[in-house]
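Every number in this text was worked out from the coordinates using simple rules, so none of it is lab data. What you are looking at is a predicted structure, and each value in this text was computed from that prediction instead of being measured. Positions of Cβ are backbone-derived with ideal geometry, glycine not excepted, and every protein chain shown enters the neighbour counts.
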């Protein structure tokens, strides 16, 4: 399994199913983007619930694929992440993210661009990019936590719990994991009961008044990942992660 979709009562359930940790490979990011855009373009859909199976919502990119495949994989994953994050944001209908367990790296890009977030009580949100020799999705983390908290999370690579994001108002509800999908569907049902046309125009309207262009801002971040790879420092960070050892840096 990879990305699945089921439509019922004007709600499209899009599920990430990439065990063991939902680390998404290059092809998976593009598949997710296509799935989200197709759901939004379906006239029978008024809202999307994006969720995941297993231990956590998303562990980000498949670092092992990057370490094994060289520059082509880096270009692919950058373009794939950009496409998937953009698809969440530009999906023609609201996207509700139902987050269980860990939400890391690329998972932040997905969730940060969602319209509504519901989380399980064990959910955590973080960007381990600095520890992996990359940068990106601070654009999206800044939509979840205040500016200075975002900076501390980027520099330290330490995650924040769902209850903290509930305090900021970026997470709508925190529930037990067994109740997560029901909570997401409760919100989805409220939206699905509205005029489909008005809901779609509301999504378009809200995107149009956003203070930050999330697509351009994220693309700017990606340029620094390329720079880190050109210097070689990113290779040591990725290899240390794959080999489960401490990284050693001269600079």
Problem - Sorted peptide list for 170-182, 128-140, 223-235, criterion being average Cβ within 10 angstrom, highest first - result: 128-140, 170-182, 223-235
Problem - Folded to 0 to 90 degrees: helix 214-231 orientation relative to the chain principal axis, Cα - result: 20
Exercise for the section: Name the shape class, rounded, prolate or oblate, that the alpha-carbon gyration tensor gives for region 173-215, where a ≥ b ≥ c are the square roots of its eigenvalues, rounded holds for a/c under 1.5, and otherwise prolate holds if a/b is larger than b/c and oblate otherwise. Expected result: oblate
Practice task
Considering only 169, 40, 56, give the residue with the highest GNM mean-square fluctuation for the chain, with springs between Cα atoms whenever their separation is below 10 Å.
Solution key: 169
Exercise for the section: Quick one: compute a quarter of the convex hull surface over the Cα atoms of region 1-58 and quote it in nm². Expected result: 3.7
Practice task
Would you mind telling me the antiparallel percentage of the DSSP bridges in the chain, rounded to 5?
Solution key: 25
Exercise for the section: Quick one: compute the contact order of region 27-140, relative version, from alpha carbon pairs under 8 angstrom and 6+ residues apart, as a percent. Expected result: 30
Exercise for the section: Compute the long axis of helix 233-243 from its Cα atoms, compare it with the longest principal axis of the Cα atoms of the chain, and write down the angle in degrees, 0 to 90, nearest 10. Expected result: 80
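Averaging over all projection directions, find the projected area of the Cα convex hull of region 41-103 and quote it in nm² with one decimal place.
Convex hull of Cα atoms, orientation-averaged projection: 5.2 nm².
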Problem - Percentage relative contact order, region 128-206, counting C-alpha pairs under 8 Å, at least six apart - result: 22
Practice task
Report the FRET efficiency, 1/(1 + (r/R0)^6), for residue 4 and residue 231, where r is their Cβ-Cβ distance and R0 is 35 Å, rounded to 0.05.
Solution key: 0.35
Handout entry: For region 203-251: span of alpha carbons on each principal axis (Å, largest first)
Key = 47, 21, 12
Handout entry: Spatial extent of region 72-115: Rg and Dmax, with the Cα atoms as the point set, Å
Key = 11.2, 33
Exercise for the section: Compute the long axis of helix 180-192 from its Cα atoms, compare it with the longest principal axis of the Cα atoms of the chain, and write down the angle in degrees, 0 to 90, nearest 10. Expected result: 50
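How high is the relative contact order of the chain, in percent, counting Cα pairs under 8 Å that sit 6 or more residues apart?
Relative contact order, the chain: 19 percent.
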Practice task
Could you run the Debye sum over the Cα atoms of region 106-251, one equal point scatterer each and no solvent, and tell me log10 of I(q)/I(0) at q = 0.13, 0.21 Å⁻¹, two decimals?
Solution key: -0.71, -1.31
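Can you work out D for region 37-154 in µm² s⁻¹ from Stokes-Einstein, where Rh is the Kirkwood radius over C-alpha pairs, the temperature is 25 °C and the viscosity is 0.890 mPa s?
Values: Rh = 14.8 Å.
Roughly 165 µm²/s, to the nearest whole number.
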Handout entry: Convex hull of the chain built on C-alpha atoms - directionally averaged projected area, nm²
Key = 12.6
Practice task
Express in nm, to one decimal, how much length is gained between residue 201 and residue 224 on full extension, taking 0.36 nm for each residue of separation and deducting their alpha carbon distance.
Solution key: 4.8 nm
Handout entry: Radius of gyration and maximum dimension Dmax of region 166-251, Cα, Å
Key = 21.1, 59
